[in-house]
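What follows is calculated from the coordinates using simple rules that are stated; it is not laboratory data. Small disclaimer: the values here were computed from a predicted structure and weren't measured. Ideal geometry is used to build each Cβ from the backbone, glycine not excepted, and the neighbour counts take in all protein chains shown.
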Amino acid sequence: MLAGFKEFIARGNAVDLAVGLVMGTAFTAIVTALVDHVINPLIAGLVGQPDFTDIWHVTVGEATMLPGAVLTAIIQFLLVAAAIYFLVVMPLNKLAERRKAGEEEAPEAPAEDVLVLQEIRDLLAAQSGRGQQS
């Protein structure tokens, strides 16, 4: 059971997931700052208040529903999604297209340690090939 857990952790998926989670958490600060300091003031400038929470109230008995809060969440989601798309996704897609088309400079030759590791790999492959033929 422990060997299976060790294999699961050592695979790349768990590590990739952990890295993605940490990066997502760090990215949350950027999105929060974008919403609090750019989008909400923009809405306040256009509408007169930073959100639509108090624009529409529905009272049923003693309960008060605020459909404007849902509208605010939807608008903020769409604005954040647009900002992320135009400021992060589009530039990265353009960069990937340039690299694929060959417009981006080709990376330099592999470092010396990478070349040594490739030689070791080739030697091990050659040795295992000879060992199978004997």
**Message:** Only helices at least 18 Å long along their own axis, judged from Cα atoms, and with Kyte-Doolittle mean hydropathy of -0.5 or greater: name those in the chain from DSSP H.
**Reply:** 13-34, 67-84, 112-133
**Request:** With r as the distance between the Cβ atoms of ALA109 and ALA73 and R0 = 41 Å, compute the FRET efficiency 1/(1 + (r/R0)^6) and round to 0.05.
**Result:** 0.20
**Request:** Would you mind telling me which residue in ILE120, ILE39, ILE84 has the biggest mean-square fluctuation in a Gaussian network model of the chain, where springs connect alpha carbons within a distance under 10 angstrom?
**Result:** ILE120
**Fill in**
What one gets for the chain as the Kirkwood radius, inverse of mean 1/r over different Cα pairs in Å, is 21.2
**Item:** Percentage relative contact order, the stretch 29-134, counting C-alpha pairs under 8 Å, at least six apart
**Value:** 15
